[in-house]
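Novice: First the structure, which I've put down as structure tokens, then a few questions once you've had a look.
The values are calculated or read from the model by the stated rules, or taken from the named source; none is laboratory data. Since we're looking at a predicted model, the values are computed, not measured. A quick note on method: Cβ atoms are made from the backbone with ideal geometry, for glycine too, and the neighbour counts reach across all protein chains shown. Keep in mind that these areas ignore ligands, DNA and RNA; they rest on the heavy atoms of the full protein, side chains included. Shrake-Rupley method; radii C 1.70, N 1.55, O 1.52, S 1.80 Å.
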Amino acid sequence: MSFLEYEKTIKEGDTVIIFLGHESMFPVKVQDGGKTQTKYGVIRHSTDLIGKQYGSKVTCSKGGWVYVLHPTPELWTLNLPHRTQILYSTDISLITMMLELKPGSVVCESGTGSGSLSHAIIRTIAPTGHLYTVEFHQQRAEKATEEFREHKVDHLVTVKNQDVCKNGFGVTGVADAVFLDIPSPWEAIGHAKEALKCEGGRICSFSPCIEQVQRTCLALQEHGFTEINTSEILLRVYNVKTISLQIPDLGRAAEDDFTAASDRGTQTDQDAPCATNPQQGTVQFKSGVPLRDMVGHTGYLTFATKSLF
């Protein structure tokens, strides 16, 4: 099993996603003779998983069933073991686009954390790119290295355990893009500039506080970066539902127009975008209404370009 290449059949040692519902799923490492307990009963790895195809519907011991999914960076983001706060797909998608990542890109990242962004970057830059990721905490660096090896992407990533603000990324003039997710990104701007290619490149810094953004932008200006801008993503979910409104009384002419339009209509109430009920004087139609509670601030994304001059 590899996060980069889809495989049809589940094998021992694979990491699979057990899908109980959109709000309930978790990763499992498949082992011969292993068992996994769910609210629907036990899943026996030897008989229920090994040899089955990804996407299979598996019946548990209590009669309930689950789906077994092939892992992707998006699913891993939702199910990974949290060692730190992580970036989610909403921010990751903008980072990938604004850093102009593509197959073959070389990227420097700090810090690695739980590896959410790292997996997304590796999938984007494969098969010929490379990720240099720096993690200050030794145990987190070791765990990330282990996960990359298990997910068979270790040939595309180099994990280093060091302080990027003091020691940099360990590479010079090779990166197309740099990403910083550290408490004091302004202290690493000089090292990020050294890591970027001489012909230029893009940099992104993620910070939860606006004071961090201000100091980072000043450091970017001091080191000659251009096109400095900061974005914030707020995800707004809409609830689509049917609502009813009264038909306004616009006089006889409006009533005649309404009757003529009804005679010409050929759509059924189910097919039409709105349904009328003349007897009750109301009209029904679909409407999108934003939810009362909205996911709040996650962080600020500051982007800049290394100047050629």
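Novice: Give the residues of region 167-194 that are of a type in the set (D, E, K, R) and closer than 23 Å to ARG83 by Cα, sorted by residue number.
Specialist: Going through region 167-194, the residues of a type in the set (D, E, K, R) turn out to be 176, 181, 187, 193-194.
Scanning region 167-194 gives a single hit, ASP181.
Novice: Same structure again: Condition check: buried (at least 16 other Cβ atoms within 10 Å of the Cβ), part of a loop (DSSP other than H, G, I, E, B) and touching a residue at least 40 places away in the same chain (Cβ under 8 Å). Does MET25 satisfy that? Let's see the steps before the verdict.
Specialist: Values: buried (at least 16 other Cβ atoms within 10 Å of the Cβ): yes; part of a loop (DSSP other than H, G, I, E, B): no; touching a residue at least 40 places away in the same chain (Cβ under 8 Å): yes.
So MET25 does not fit the description; no.
Novice: Related question: Checking the structure you have, find out if any residue of region 62-82 is of a type in the set (Ser, Thr, Tyr), touching a residue at least 60 places away in the same chain (Cβ under 8 Å) and in contact with a strand residue (DSSP E or B) (Cβ under 9 Å, 6 or more places away or on another chain).
Specialist: Yes; the residues of region 62-82 include at least one that is of a type in the set (Ser, Thr, Tyr), touching a residue at least 60 places away in the same chain (Cβ under 8 Å) and in contact with a strand residue (DSSP E or B) (Cβ under 9 Å, 6 or more places away or on another chain).
Novice: Something else now. Among the residues of region 165-190, how many are assigned to a helix (DSSP H, G or I) and within 26 Å of LYS102 (Cβ to Cβ)? Give the derivation first.
Specialist: In the first step, residues of region 165-190 are kept if they are assigned to a helix (DSSP H, G or I); the result is 165-167, 185-190.
Still in the running and within 26 Å of LYS102 (Cβ to Cβ): 185, 188-189.
Of the residues in that region, 3 qualify.
Novice: While we're on this one: Evaluate the following for GLY104: is it closer than 30 Å to ILE233 by Cβ and small (Gly, Ala, Ser)? Outline the logic, then answer.
Specialist: On the way: closer than 30 Å to ILE233 by Cβ: yes; small (Gly, Ala, Ser): yes.
Judged against the criteria, GLY104 is a match.
Novice: Among the numbered criteria (1) touching a strand residue (DSSP E or B) at 6+ places or on another chain (Cβ under 9 Å); (2) open to solvent by less than 80 Å² (accessible area, probe 1.4 Å); (3) within 26 Å of ALA144 (Cα to Cα), which single criterion is violated by SER89?
Specialist: (1)
Novice: From the list LYS193, LYS160, exactly one residue is of a type in the set (Lys, Arg), part of a strand (DSSP E or B) and in contact (Cβ under 8 Å) with a residue 24 or more places away in the chain. Which is it?
Specialist: On the way: LYS193 fails: part of a strand (DSSP E or B).
From the options LYS193, LYS160, the qualifying one is LYS160.
Novice: Taking LEU20, is it within 23 Å of LEU117 (Cα to Cα) and open to solvent by 30 Å² or more (accessible area, probe 1.4 Å)? Before you say what the answer is, go through the steps one by one.
Specialist: Values: within 23 Å of LEU117 (Cα to Cα): no; open to solvent by 30 Å² or more (accessible area, probe 1.4 Å): yes.
So LEU20 does not fit the description; no.
Novice: Collect the residues in region 210-246 that are over 25 Å from the mean Cα position of the chain (by Cα), open to solvent by 60 Å² or more (accessible area, probe 1.4 Å) and under 21 Å from HIS297 (Cα atoms), keeping them in residue-number order.
Specialist: Across region 210-246, the qualifying residues are GLU211, GLN214, ARG215.
Novice: Would you please name the residue that is least open to solvent (accessible area, probe 1.4 Å), looking only at residues in region 100-119 that are among the β-branched types (Val, Ile, Thr) and either over 17 Å from GLN85 (Cα atoms) or modelled with pLDDT under 95 (or both)?
Specialist: VAL107
Novice: Here's another thing I want to ask about it. So, in region 120-170, of the ones that are in contact with a helix residue (DSSP H, G or I) (Cβ under 7 Å, 6 or more places away or on another chain) and open to solvent by 70 Å² or more (accessible area, probe 1.4 Å), which residue ends up farthest from PRO71 (Cα to Cα)?
Specialist: Once the filter is applied, the top-ranked residue is ASN161.
Novice: Follow-up question, since we're still on this one. What tally of residues in region 1-17 results from selecting those that are open to solvent by 40 Å² or more (accessible area, probe 1.4 Å) and in a loop (DSSP other than H, G, I, E, B)?
Specialist: Looking only at region 1-17, we keep the residues that are open to solvent by 40 Å² or more (accessible area, probe 1.4 Å), and these are 4-9, 11-12.
Next cut, in a loop (DSSP other than H, G, I, E, B) only: 4-8, 11-12.
Of the residues in that region, 7 qualify.
The rows are residues; the columns are (1) touching a helix residue (DSSP H, G or I) at 6+ places or on another chain (Cβ under 8 Å); (2) within 20 Å of ARG149 (Cα to Cα); (3) not in a helix (DSSP H, G or I).
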{"site": "LEU20", "(1), (2), (3)": "no, no, yes"}
{"site": "GLY33", "(1), (2), (3)": "yes, no, yes"}
{"site": "GLN37", "(1), (2), (3)": "no, no, yes"}
{"site": "THR47", "(1), (2), (3)": "no, no, no"}
{"site": "SER61", "(1), (2), (3)": "no, no, yes"}
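Novice: Let me spell it out: the conditions are (1) modelled with pLDDT of 95 or more; (2) open to solvent by 30 Å² or more (accessible area, probe 1.4 Å), and VAL30 meets all of them except one. Which number is the exception?
Specialist: In the conditions (1) modelled with pLDDT of 95 or more; (2) open to solvent by 30 Å² or more (accessible area, probe 1.4 Å), VAL30 misses (2) alone.
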